[in-house]
Every structure is written in structure tokens, then in C-alpha cells.
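Quick notes on the structure that follows.
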Amino acid sequence: MSRVALVTGGTRGIGAAISVALSKAGYKVAANYAGNDEKAKAFEAETGIAVFKWDVSSYQACVDGIAKVQEALGPVDILVNNAGITRDAMFHKMTPEQWGEVISTNLSGLFNMTHPLWGGMRDRSFGRVINISSINGQKGQMGQVNYSAAKAGDLGFTKALAQEGAAKNITVNAICPGYIATEMVRAIPEKVLAERILPQIPVGRLGEPEEIARIVVFLASDDAGFITGSTISANGGQFFV
Ligand code: CAA
């Protein structure tokens, strides 16, 4: 029987590419989304991948949403914590709301999603948790104190939980994408992207969502069972840890 994978923020951007790649690799996939019904319905119609709406920043919404996914598809063995938002602003202009929204979604979202699924993974002695962090959690980024703090927190979460999961055959890993061609990156002011960011990427281009999705498929597979607590960077040479 094919395993069930749940991808948060799985109907757009990097998440959509991950959902599609996992589906092509033979998993039963559930794609969570928070807001954009129109895009989600179009994604479902186009790919045949089931979509489920809830906000990962709410623990109770995650508990309820996960219950619906498991009722429809079966126990979730692979969780991809991909959902993320930006609320970019220089620190001196950043509001408590911009701080709070990013921390709630990009950091607490990992707790809210992983905690309700963890017991089942332990009981079945199998699990894959794959957290999509960011290059900006590794190097820091001006205009993103909130985002960089949350994404760095995701790496600590990954390393600590990996140690707890290891004895139960549950791996927990993080991927740090660099600048990938998605709506999130296209929202950066054009001048900043062209003059400040692109020249910092040695391969000379943005990454493609599928280049991240292929790493997820590998980490989800049985072949990756000895990899846990790791951070895999895919950033076109922009930053080396
Ligand atoms: N890298 C280098 N320099 C940057 C920069 C960046 N990413 N972002 C801004 N700057 C520079 C600007 O070029 C500008 O410099 P000059 O004054 O010399 O021209 C200076 O910082 C101030 O920028 P703004 O004039 O744009 O100031 P603002 O207050 O109007 O806006 C901002 C600030 C909201 C941070 C805006 O510049 C911005 O959105 N920058 C992009 C920040 C960024 O890199 N976000 C990443 C989003 S993609 C993502 O998050 C996905 C991922 O994981 C990689």
C-alpha cells in the first residue's frame, strides 16, 4: 500500500511542486492550503491531488485538519512542513503583528503540524518529517528579522526532534532553499531582486521549485533512512554553511 504524504502550503509555489513530485513518485498526497481557494481548486482539478484548507498557525485547526486527511487517505507517514509567509520590513519599521504572524506560521506551524502526527509515527515505527527552512535562516537577511528568526528556529526544531525520532525509525530533516522562482520571490521589489540578490547567486539564476521537490522525494524514500537531523542547502552557491 502506498504511503500517505501531507504537504502544508502544498497548492502553490515550492509546495505545489513537492505535492506533484510525491504524487508522481507513488505516494497518496494531501495538499494543505490556508487562503487561496481559487488556486487550490484549480490545483486539485489539474493534478487530482486532494486539497484541505486550514491555517497551520492554529494548533486546533491542525488537529482537526489532520483528522480529515487521515479519514480520507489513511495514516500520514510523511509530513512536509512547507507552509510559510513573508512580512518583510526593516526592523525599525517592523510591527509586532508582522513579527507575530511570521513566527506563528513559519515556526509554530512546525509544532502545530508535527505534534499531532508524532504519536502515530512512533506507534507505526516509521516517519519522515521534512521541514522547508530557508537560506535566510542560515545567513540572516536584511528586511527579514522575523523570517530569518523563524527559519533558524526551524533548524533547531529539526536537530532536536531528529534525536527523539531516531530510535523509532522517524527521520527529521530540513531543506534550505535559496531564492526560488515563486510568487514569494517575485514579490521582492524588482530593483532589489535584480541589483542586490541575483548578483549574489553564482549559478546566475533563481532556482526552480522542482529542484527542491526532488530533494523531498529522496528524503521521503527508504533510501534516505540514515539521513536525519540534516540540513540540505540548495541555493545556487549563494551561501555555504
Ligand atoms: N539584499 C540586499 N540589499 C537589500 C535587500 C536584499 N535582499 N533588500 C533590501 N535591500 C537594500 C535596498 O537595495 C536598499 O538599498 P539602497 O538604499 O542602497 O538602495 C535598502 O536595502 C533599503 O531597501 P528599500 O529602499 O526597499 O527599503 P524599504 O523600507 O522600502 O523596503 C524591504 C525594505 C521591505 C526589506 C524591501 O527592500 C524588500 O522587500 N527587500 C527584499 C527582502 C528579501 O530579500 N526578502 C526575501 C523574500 S524571498 C524569501 O523569503 C524566500 C526565501 O526563503 C529566500
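At 1.4 Å probe size, with the rest of the protein present, what percent of the exposed accessible area of segment 140-215 is carbon and sulfur atoms?
Exposed carbon and sulfur together represent 56 percent of the surface.
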At R0 = 41 Å, FRET efficiency that the Cβ-Cβ distance of H115 and K93 yields, to 0.05: 0.75
Shape parameters for the chain, alpha-carbon atoms, Rg then Dmax in Å: 16.9, 53
Separation of the S230 and R124 label points, Cα + 7 Å toward Cβ, nm: 2.3 nm
Area accessible to solvent at R87, 1.4 Å probe radius, in Å²: 90 Å²
Listed residue (V102, A16, S133) projecting farthest to the positive dipole end of the chain, Cβ model: S133
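Over segment 4-233, average the accessible area per residue using a 1.4 Å probe and give it in Å², no decimals. Kindly include the intermediate steps, with their values, before the conclusion.
Values: 10460 Å² over 230 residues.
Accessible area per residue: 45 Å².
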Segment 80-92 - phi-based ³J(HN,Hα) in whole Hz, Karplus 6.51/-1.76/1.60, Gly and Pro as x: 10, 7, 10, 4, x, 10, 10, 9, 5, 6, 4, 4, 5
Whole-Å distance, taken between Cα centres, linking segment 114-157 and segment 39-59: 21 Å
Net charge dipole size for the chain [Lys, Arg +1 and Asp, Glu -1 on Cβ; Debye, nearest 20]: 300 debye
222 nm mean residue ellipticity, helices alone, for the chain (DSSP H n ≥ 4; -39,500 (n - 2.57); rounded to 500): -14000 deg cm²/dmol
Net length gained if the chain between A67 and E44 were fully extended (0.36 nm per residue, minus Cα distance): 6.3 nm
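Give the peptides 224-236, 175-187 in descending order of average Cβ contacts within 10 Å, highest first.
By packing density, highest mean first, the sequence is 175-187, 224-236.
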Residues listed by number, segment 64-97, amide nitrogen under 17 Å from F239 label point at 7 Å toward C-beta: 84-91
For segment 197-203, 3J(HN,Hα) per residue [Karplus equation, 6.51 cos²θ - 1.76 cosθ + 1.60, θ = phi - 60°, Hz, x = Gly/Pro]: 9, 3, x, 8, 9, x, 6
Positive minus negative residues near A181 (Lys, Arg vs Asp, Glu; Cβ under 12 Å): -2
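The values are calculated or read from the model by the stated rules, or taken from the named source; none is laboratory data. Worth saying up front: this structure is predicted, and the values here are computed from it rather than measured. Cβ: placed from backbone, ideal geometry, glycine included. Neighbour counts: every protein chain shown. Just the protein is used for accessible areas: all its heavy atoms, side chains included, with ligands, DNA and RNA removed. Shrake-Rupley method; radii C 1.70, N 1.55, O 1.52, S 1.80 Å.
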